[in-house]
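Here's the structure we're looking at; comments come further down.
Bear in mind these aren't lab numbers, they're just calculated from the coordinates by the rules spelled out. Computed from a predicted model, the values in this text were never measured in an experiment. Positions of Cβ are backbone-derived with ideal geometry, glycine not excepted, and every protein chain shown enters the neighbour counts.
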C-alpha cells in the first residue's frame, strides 16, 4: 500500500474514527461518487497528514442490491464491534442508509441490517449514529430535497442490535429554517446533507450539517434546546465553514484536541479531506 498525503486522497464526506492509537479515515470515493460504484476504502494513520492505504473494506461482489452512488460511510464503535452507516442507490429503488458490521475498523464489512433502515419510499441519505443519555440508539438522516424540495433532517429509533428500526421517523427541522441557507436550482430547493451529532463541554447537544450559502457548500451548526434530539433546534447565524466545503464531522485527536474534518473544495475529482482545530467560543464552536 502507498504512503499518501491528504492532497493525494480524493474523497468526499470524510469521517475519522479514532481507535487504538490510530486514525481511520473513511469517505465517498471521488471518481465513482456520481455513478456506478462497488465499494468503500479506509486510510490509516497517526498524524492526520500521512496515511497508508487505501484498504478496501467493503466490495460488492455482485450479490448486493446497490450498484451506484456509494456515499458517506461512517464507522462507529458500538458494543465491541464496528458498524458502518452508508448510503446506497440502485435503479428503480429509493436511495437509503444501510448498516454493515465488522470486527475490525479495516473490515471486511458485511451486511448487518436487512436493507436500508430509512423508509423504503423516501429518498434519503447520510444516516449517522446517535445514542441518547438513556442508551437508546438512533439513526439521524436526511430526507432528500430531490423528493421534498425543502430537505429535512429526521430521526428514527433503532433496535439495540442495530438491525432494524423500532419506531416511525420524526422530522427534526428543514433546511430553510437556518439563517443564510439559500435555495438551489431556481431557489425552490433547499439541501440537507451530512448530519453529525456532538456535545459542547457543558453537555449542550449540537449538530453539524451541510447546505448551500451565498459562497457555495457550507457547514451549519444547530443546537437542541433540551439537550437531546427530541428538542427544538436553534441554528447559528454564522456558518462554521462558509465557502466551498462541507459534510464534516468532529473528533478528538490523539492529544485530546477537538478537530473538524470536511471535504474541500466541493468540486468533482478535486475534493480532499481537510482538518481544522476547533474551539468553543460564545456558546458555540468556531474554527481556530
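With the simple spin-label model, which puts each label point 7 Å out from Cα in the Cβ direction, the residue 65 to residue 204 separation comes to 4.0 nm.
With each label modelled as a point 7 angstrom along the Cα→C-beta vector, the residue 286-residue 230 pair spans 3.5 nm. Ranked by the mean number of other Cβ atoms within 10 Å of their residues, highest first, the peptides 231-240, 37-46, 189-198 fall in the order 189-198, 37-46, 231-240.
Would you give the gap between the C-alpha center of the stretch 204-251 and the C-alpha center of the stretch 114-169, rounded to a whole Å? A separation of 18 Å, based on Cα centres.
With a ≥ b ≥ c taken as the square roots of the eigenvalues of the C-alpha gyration tensor of the stretch 147-288, please select rounded if a/c is under 1.5 and otherwise prolate if a/b is larger than b/c or oblate if it is not? Verdict is rounded for the stretch 147-288. Compared with the alpha-carbon gap, the fully stretched path from residue 56 to residue 8 is longer by 15.6 nm at 0.36 nm per residue.
Taking 0.36 nm per residue of separation and subtracting the current Cα-Cα distance, fully stretching the chain between residue 131 and residue 79 would add 17.5 nm.
In this entry, the chain is assigned a mean projected area of 14.1 nm², taken as a quarter of its C-alpha convex hull surface. Going from the fewest other Cβ atoms within 10 Å to the most, the residues 34, 71, 209 appear in the order 34, 71, 209. Each residue, residue 36 and residue 22, gets one label point 7 Å from its Cα in the Cβ direction; the gap between the two is 3.2 nm.
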